[in-house]
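Peer 1: What follows is a single structure, and I will ask about it in a moment.
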Amino acid sequence: KIHAVFLKAFILSFGVCLKQEKWNDLIPKYEHNRSKRSTELLVLTIDTIRLVANSLSCARTKSISIVLNVSSPYFTQQLLGNLKKSTFFPLLYDASNKGNTKVFPICVQFLSSTGVKIGIVDLIDAVDEPTIEIFANARQLFMDNGLDIYGLTALGVDNTNVNIGNNHSVYSLFKDELPNVLKGNCYSHILPNSVKYAHNELLIDGEKVLISLCYHYLRSAKRVDELKQYYGFYEQDFKVILKHTKLRWLSLYLSIERLVEVFALVKIYFLE
């Protein structure tokens, strides 16, 4: 309907201009690839569409309703339709807290005619995350959407006892039903943990250096000001040394990358 309104506005505006001018005036004269008259017509058309667009608006309630009742079901059905054409697929999920609400986004990954696809099939509200409830929700997901559970090849989950423990975990319950299902760990944990354990082979503890360096400046505004003076002397833009803690492993790479960028000036600061 919105596209129809825009098209109607374009036709009306263009028609009025054609009635007032001759066809020859619309032929480009190749000045900047566009004639003066065609530019005027274009500006008038855009201005008309802008006025129509400004009169169209949705409040918060309507916008939420459109997303929940129109867009979301449509794209979910498109995803499920492509998923059913694929023979095998892994299941991925994790708990996410939004305020006092805990939700479980359940995703699938599969190979389509255009490449590897990944998408959210369902978003489940859950007060707690016991093993039985997670397994039951995932199992019900297959039944509600007509998916073949024997097409499940792997579970991509967080490294916790609830998910991949040897005894009474979501993985073990699926394995009782599907003996060939694979255990796929979380990529976001594997990569930082690999870097962390690789640090043990270095001559210095890079993670400890990052933490110490950050707290050296974090607790003193005077030290930060002195460092800024070095940046100004060497005519470089000041860049903050990013904070890293052992619990927030996602910041490890970014902290290392930033330290490499400012290493020369920081080294001069400590040497002098």
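Any read-out appearing in this document is the output of simple, stated calculations on the displayed coordinates, not a laboratory observation. Since this is a predicted model, take the numbers as computed values, not measurements. Using ideal geometry, Cβ is built from the backbone for each residue, glycine included, and neighbour counts are taken over all protein chains shown.
Peer 1: Report ³J(HN,Hα) in whole Hz for each residue of segment 105-117, in order, from the Karplus equation J = 6.51 cos²θ - 1.76 cosθ + 1.60 where θ = phi - 60°; Gly and Pro get x.
Peer 2: Taking θ as phi minus 60°, the curve returns x, 10, 10, 10, 10, 8, 9, 10, 5, 9, x, 6, 10 Hz for segment 105-117.
Peer 1: Here's a follow-up. Using 0.36 nm per residue of separation minus the Cα-Cα distance, give me the extension gain between LYS98 and ASN145 in nm, one decimal.
Peer 2: Residue separation times 0.36 nm, minus the Cα-Cα distance, leaves 14.3 nm.
Peer 1: Full extension from VAL70 to LEU123: what is 0.36 nm times the residue separation minus their Cα-Cα distance, to one decimal in nm?
Peer 2: Numbers: separation 53, 0.36 × 53 = 19.08 nm, distance 1.62 nm.
Taking VAL70 through LEU123 to full extension adds about 17.5 nm, to one decimal.
Peer 1: Can you check what the net charge comes to around LYS239, using other residues whose Cβ is under 12 Å from the Cβ of LYS239 (Lys, Arg +1; Asp, Glu -1)?
Peer 2: With Lys, Arg at +1 and Asp, Glu at -1, the net is -1.
Peer 1: Given R₀ = 45 Å, FRET efficiency for ASN180-ALA59 by Cβ-Cβ distance, to 0.05?
Peer 2: After rounding, the FRET efficiency stands at 0.30.
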